1. Do the conditions hold for Thr209, that is, is it within 30 Å of Asn180 (Cα to Cα), buried (at least 23 other Cβ atoms within 10 Å of the Cβ) and out of contact with any Ser or Thr (no Cβ under 6 Å at 6 or more places or on another chain)?
2. Select from segment 367-399 the residues that are assigned to a helix (DSSP H, G or I) and modelled with pLDDT of 95 or more and list them in ascending order.
3. Check whether at least one residue in segment 291-310 is assigned to a loop (DSSP other than H, G, I, E, B) and at pLDDT 95 or above, and report yes or no.
4. Only one of Gly191, Gly153, Gly144 is open to solvent by less than 40 Å² (accessible area, probe 1.4 Å) and either over 23 Å from the mean Cα position of the chain (by Cα) or farther than 18 Å from Met96 by Cβ (or both). Can you tell me which?
5. Among (1) outside any loop (DSSP other than H, G, I, E, B); (2) under 24 Å from Asp84 (Cβ atoms); (3) open to solvent by less than 10 Å² (accessible area, probe 1.4 Å), which single condition is Gln454 missing?
6. For segment 365-421, which residues satisfy the criterion of being in contact with a helix residue (DSSP H, G or I) (Cβ under 7 Å, 6 or more places away or on another chain) and without any contact (Cβ under 8 Å) to a residue 40 or more places away in the chain?
7. Quick check on segment 341-355: of everything there that is in a helix (DSSP H, G or I) and over 20 Å from the mean Cα position of the chain (by Cα), which residue is nearest to Gly139 (Cα to Cα)?
Amino acid sequence: MLNPADPAFANRLAAMLPEGRLRAPEPRHLEEPRGRYRGQGGLLALPQTVQEVSTLVTAAAEARVPVLPYGGGTGLVAGQVVPDGPAPLLISLERMTAIRAIYPAENVMIAEAGAILADVQAAALAENRLFPLSLAAQGSCRIGGNLATNAGGVGVLRYGNARDLCLGLEAVLPDGRIWNGLTRLRKDNTGYDLRNLLIGSEGTLGVITAATLKLFARPAATGTAMLTVASPQAALDLLSLARDQLGEGVSAFELINRQGLDFLAETLPEVRQPWPEPPDWSVLIELGLSGGTDPTDALETLFADGFERGLVSDGVIARSEAQRDAFWSVREHLPEGNRRIGSISSHDISLPLSNLPEFIRRGNAAIAGIGPFRINCFGHLGDGNLHYNIFPPKGRDRHAFENQRPVINRAVHDLVHDFGGSVSAEHGIGRLKVDDLERYGDPVKLSVMRQIKQALDPNGIMNPGAVLRAGAG
């Protein structure tokens, strides 16, 4: 049985902490971007040190008060709000923003969990290094939340998910103990990997307070192009050709559907598009090459070979940094265009690469059988991650079709499962996909997850109801 973060609990905490650490949550702390869940008020804590986080969690464990670790609030599966049950203690890391150390020769940075992703990128750049995690929300999301959700983004093809960019963690466990795992080692075979247990756990196993991050050499030259492709299969074949020619020099490979470009033209006409008439399918490709190789020449060669094979029919290669930024602006604004139209059902899915074209064909047919909906299918083609989102007919509001949302969701996710894919590629489970995890997850995996939750958080105080159903530990 959990208890609310009530005034009596707040008074006990106030006696343990410096002044100014506690307050009522602001409206932004109780919202999530898609507006499907609304959080409870509870109590907001703003710690400035890991010791203060430990004090907060220890007190919550003793009082059996639910704890909600809070990052930038940008997550899309409602992991950052507690809509029911006892009012929680929100622990926001927004005051823990320090870059504690950078070791350029080691390609390592130690950053506190509240550091904004764009600031982490800038700190690396100041040392002539690259931190390659890149998301549309990078101006507001925080590195602790990125790790807690194992964020993906546009650089996964070359650099991997957030999990692959982390060497070590500092974290407060559900009983208040501090785990100091901020290792800079790249080889450390001393037992179970607690780092990878906490990464992707969405605040259900502890509070990440700092991380040791991997940095990389900056590419000597960067090239970016938007190319018209005949179909998703042609896009996959072009990706294969690009990797044959350029290997790991392919940094990003994004699939874009005309529907998304039409949404942009309708809702964000100030976003400049490179096409006078948007193509049905296009790809955004970025190269990061070592010295001595001209990326423009490489892209021209790729286009010529792709054209000869019937894979591409048109294209624009960025000739300046401003043009490159304009191309990426199109891609990065696709989610905002979606939001302004208003989706009935959004799906963050991944599939084996070779199954992607057939999934799109069969998925579109399945949705057409449910109703006359619009589909915006786009995403990180290079790592198999699609954002497959369903929208009402033009001129209609999504709320008129809420009764069909479960039907659409089940049809899409059943097909993903049939293809051996995942119903959560990069956004996590949160509260939105708890039912999906139970339906499609391996029973043995789910059993082990519940055992881990019970072992580390026997009172179930950490983000209850996220990932695993409350009380399922």
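1. Spelling it out, Thr209 is indeed within 30 Å of Asn180 (Cα to Cα), buried (at least 23 other Cβ atoms within 10 Å of the Cβ) and out of contact with any Ser or Thr (no Cβ under 6 Å at 6 or more places or on another chain).
2. Those that are assigned to a helix (DSSP H, G or I) and modelled with pLDDT of 95 or more: Ile367, Ala368, Gly369, Ile370.
3. So in segment 291-310, the residues assigned to a loop (DSSP other than H, G, I, E, B) come out as 291-294, 309-310.
In the following step, the residues that additionally are at pLDDT 95 or above were identified as 309-310.
For segment 291-310, residues assigned to a loop (DSSP other than H, G, I, E, B) and at pLDDT 95 or above: present.
4. Working: Gly191 fails: open to solvent by less than 40 Å² (accessible area, probe 1.4 Å); Gly144 fails: either over 23 Å from the mean Cα position of the chain (by Cα) or farther than 18 Å from Met96 by Cβ (or both).
It is Gly153.
5. Result: Gln454 passes all but (3).
6. Matches in segment 365-421: Gly371, Phe373, Val407, His417.
7. If we take residues in segment 341-355 being in a helix (DSSP H, G or I) and over 20 Å from the mean Cα position of the chain (by Cα), then Ile341 is nearest to Gly139 (Cα to Cα).
Condition check ((1) among the aliphatic types (A, V, I, L, M); (2) open to solvent by less than 60 Å² (accessible area, probe 1.4 Å); (3) farther than 30 Å from Ala242 by Cβ) across all residues:
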site	(1), (2), (3)
Asn376	no, yes, no
His399	no, no, yes
Arg405	no, no, yes
Asp414	no, yes, yes
Val448	yes, no, yes
Gly471	no, no, yes
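The values are calculated or read from the model by the stated rules, or taken from the named source; none is laboratory data. Quick caveat: nothing in here was measured; it's all calculated off a predicted structure. Please note: Cβ atoms are built from the backbone with ideal geometry, for glycine as well, and neighbour counts cover all protein chains shown. We work out accessible area using only protein heavy atoms, side chains counted, and drop any ligands, DNA or RNA first. Shrake-Rupley method; radii C 1.70, N 1.55, O 1.52, S 1.80 Å.
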